[in-house]
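The values are calculated or read from the model by the stated rules, or taken from the named source; none is laboratory data. Since we're looking at a predicted model, the values are computed, not measured. In this analysis, Cβ positions are derived from the backbone assuming ideal geometry, glycine residues included, and neighbour counts consider all displayed protein chains. Side chains are part of the model used for accessible areas, which takes the heavy atoms of the whole protein and leaves out ligands, DNA and RNA. Shrake-Rupley method; radii C 1.70, N 1.55, O 1.52, S 1.80 Å.
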Amino acid sequence: MREIFKAYKLLFGFGKKYCKLLLYKVFILAIIAGLLAPVGIYIDKEIINRALLSAKFNNFEIKSLIPLFIAFAIIALLKQFLSDLSYGYYSQKFQLVIRTKVRGELLEKASKIKYEYFEDEKTVEIIDRTFNDFDNSVRLLFPMYVVYFLTSSISLVGFIVFTAKQAWWVPLVLLLPFFPYLFLQYIKRYDFYNVIEKYWKKDRINDILAEYLKSRNYIREQRIFNSFNYLIDIYEQRIIKRNKEFEKEYKKYWKDNLIYNLIIDITIVINLLIQLYMLLTNNPNTSIGLFIALSGQILGLKGLYSGLIVPILSSVRQMRYINFYYKFYEFENTKSGSINIVPKEIEIEFSDVYFKYPGTDKYILNGVSFKIPKGKKISLVGANGEGKTTLIKLLLGLFEPTSGHILLNNILLDDYSEEARCNIFAPIFQDFYKYSLSLKENIAVGSIDNIDNYKMICEAAESAGVTQFLYKLPNSYDSQLNRDFTEGVDLSGGQWQRIALARAFMGNKPCILLDEPTSQLDPMAEAKLYEEFSNIIKDKTSIFITHRLASTKITDKIFVLKDGKIEEEGSHDELMTHMGIYYDMFNSQRSWYKEENIC
Ligand SMILES: Nc1ncnc2c1ncn2[C@@H]1O[C@H](COP(=O)(O)OP(=O)(O)OP(=O)(O)O)[C@@H](O)[C@H]1O
């Protein structure tokens, strides 16, 4: 219960902050809607009693009934109007506020939390559900449940007032099944919600599979490999299995509901009989009018009960989603030190760095130590999965070392502010993002502060060779990329890679980190880029991850990563003389090139 109050405090806080008036309007509306029930009973009673009286004495006077008829019509219309206003308008409006303002707050928080939360399944669930389920829960909790609960409570009070006048025990009979009904519903429904929760993980896996079946990038491969039917089969089998399990739960739920409904139905009959008894025994506070008016309401007792119970019970379920919101806000923000200066030159030092990914036991880095002097360029090589990209992620502060230190110009990396770090490093990963934005924006994301610096964007594009295909684009730098929009243009992998490179050249950052920057370029383009590279990166400190060992020649030194350690270190010639891992790797590639030449 405390959690529910806490959640409503949070929601009313949003309401107060973003739409104060709406908050008040909802409460006023709910109170009016609640009052309509007892007022309706009174009006119905009066109309029937007066009509019967007139008929008895044969002096039917329509005039005296007109105000009552008008009130009757107003109540009937108002009921519908208030319901539409509440569920059709206020509810949507509040959700829109949540979707825009609160989601904006969530996005801002997401931009600050440590990157590691996006790579751990447990925390990914929290992020996913905060974004997807939270605003839906909010819509239900407010205004829906609030209106539902307030309206039903006030209606019930009206009911109690009318029936208590007949005899003190009549409202008790009315309320008698409420508590066992609430209790049974609580236990069973709670179970049912627990079952639903278990399916989140399975549903997520299915959703990911469904995404493969409808997303352009995946469909191409499925067509080529003809794996479409196989994936559809898996998807269908999973869904059928899930639905069967779910069906069992629904059946159980339906059976339980039969019992609840029976309790309510028996209550309805008992209360109707009580009203009849009151009428037949000439109870002074009963009349035919009241009997008919109350009977109508008693028949709707189920709605009244669910109006009281559903908001309470469903609120319990919604708390799970609201809890995701709290957990999300408990995520630590990326550490940001106090040093705001961006040095012109950077020296990088890893000192005995150990690292394992959060939630895993295996050390990916096992005591890595090295130093890259200012302005020097190194190649980082090693077999797949040796931890090259991981090392870059650590250098960027996306993850923190499990132990050991990373220093920039002899200062701990953590001591630099986040902003400074962003302005020091220009990283390009293998899986860089292809934004459905204009070419200009796609380049400028590398240093978004320079989005309007046309000269810088052009220079970055020139350095990365983007200008070589610029003439093919319909609107030059303003061309929309990707085919998500009708006017969008598709580019080749190599062309995209050049754009990604251009991002790295934005903002004149002192340290460039390139993770396989030329893997998609054709050999001539790659060779040319290497030629130009020294000029482009000039005095910048650079780390160059590559599997094409020929490219290591443009760097000053080569580090070979093996079993989480720098196993070899030196120039190309030194490592070749050493005849270790690098020597073997280089020779295997050399022989491959030779064979190809022979062909
Ligand atoms: N978020 C993560 N959680 C757990 N393990 C991870 C995560 N990301 C990567 N790994 C693991 O870390 C190891 C190193 O991965 P990394 O991408 O750094 O290798 P790499 O040397 O860059 O490989 P490649 O040459 O294939 O790009 C791999 O075994 C990988 O499975």
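Brief remarks on what is shown
- Pick from the stretch 116-169, criterion buried (at least 20 other Cβ atoms within 10 Å of the Cβ) and among the polar types (S, T, N, Q), ranking: farthest from the ligand (Cβ to nearest atom): Gln166
- Taken over the stretch 333-358, residues that are under 21 Å from Lys112 (Cα atoms) and out of contact with any Phe, Trp or Tyr (no Cβ under 6 Å at 6 or more places or on another chain) amount to 10.
- In the stretch 85-142, counting only helices (runs of 4 or more DSSP H) that sit wholly within it, none holds 3 or more residues that are in the same structural domain as Ser417 (by TED's automatic domain parsing), farther than 28 Å from Ser417 by Cα and of a type outside the set (Val, Ile, Thr).
- In the stretch 468-492, the residues that are open to solvent by less than 40 Å² (accessible area, probe 1.4 Å) and among the β-branched types (Val, Ile, Thr): Val489
- Within the stretch 379-391, at least one residue is touching a residue at least 60 places away in the same chain (Cβ under 8 Å), within 30 Å of Asn450 (Cα to Cα) and surrounded by fewer than 20 Cβ atoms within 10 Å (Cβ to Cβ).
- Taken over the stretch 552-574, residues that are part of a helix (DSSP H, G or I) and buried (at least 21 other Cβ atoms within 10 Å of the Cβ) amount to 1.
- Inside the stretch 398-448, residues that are in contact with an Asp or Glu (Cβ under 8 Å, 6 or more places away or on another chain), closer than 16 Å to Ile372 by Cβ and in a helix (DSSP H, G or I) make up a count of 0.
- Contacts under 6 angstrom Cβ, first residue in the stretch 111-122 being at negative phi, partner away from the ligand (no atom under 12 Å from the Cβ) and open to solvent by 40 Å² or more (accessible area, probe 1.4 Å), 6 or more apart: Lys112/Asn333; Ile113/Asn333; Lys114/Glu332
- Selection status of Ile554, touching a strand residue (DSSP E or B) at 6+ places or on another chain (Cβ under 6 Å) and modelled with pLDDT of 75 or more: no
- Condition met for Val161 (more than 21 Å from Ile4 (Cβ to Cβ) and either in the same structural domain as Gly15 (by TED's automatic domain parsing) or in a helix (DSSP H, G or I) (or both)): yes
- Hey, Ala37 over 35 Å from the mean Cα position of the chain (by Cα), surrounded by fewer than 16 Cβ atoms within 10 Å (Cβ to Cβ), of a type in the set (Gly, Ala, Ser) and assigned to a helix (DSSP H, G or I) or not: no
- All conditions in (1) closer than 24 Å to Thr389 by Cβ; (2) surrounded by 21 or more Cβ atoms within 10 Å (Cβ to Cβ) hold for Ala444, with the sole exception of (1).
- Search result, residues across the stretch 401-431 that are in contact (Cβ under 8 Å) with a residue 60 or more places away in the chain, within 16 Å of the ligand (Cβ to nearest atom) and open to solvent by less than 30 Å² (accessible area, probe 1.4 Å): Ile428
- Yes/no for Val353 being free of Cβ contacts under 8 Å to residues at least 60 places away in the same chain and surrounded by 17 or more Cβ atoms within 10 Å (Cβ to Cβ): yes
- Given (1) in contact with a His (Cβ under 7 Å, 6 or more places away or on another chain); (2) within 16 Å of the ligand (Cβ to nearest atom), index of the condition Leu398 fails: (1)
- Any hit, the stretch 335-346, residues being away from the ligand (no atom under 16 Å from the Cβ), open to solvent by 20 Å² or more (accessible area, probe 1.4 Å) and under 24 Å from the mean Cα position of the chain (by Cα): yes
- Every residue from the stretch 398-447 that is closer than 13 Å to Cys511 by Cα and aliphatic (A, V, I, L, M): Leu408, Ala420, Ile424, Ala426, Ile428
- Restricting the stretch 1-31 to residues that are among the β-branched types (Val, Ile, Thr) and open to solvent by 70 Å² or more (accessible area, probe 1.4 Å), the residue that is farthest from Asn285 (Cα to Cα): Ile28
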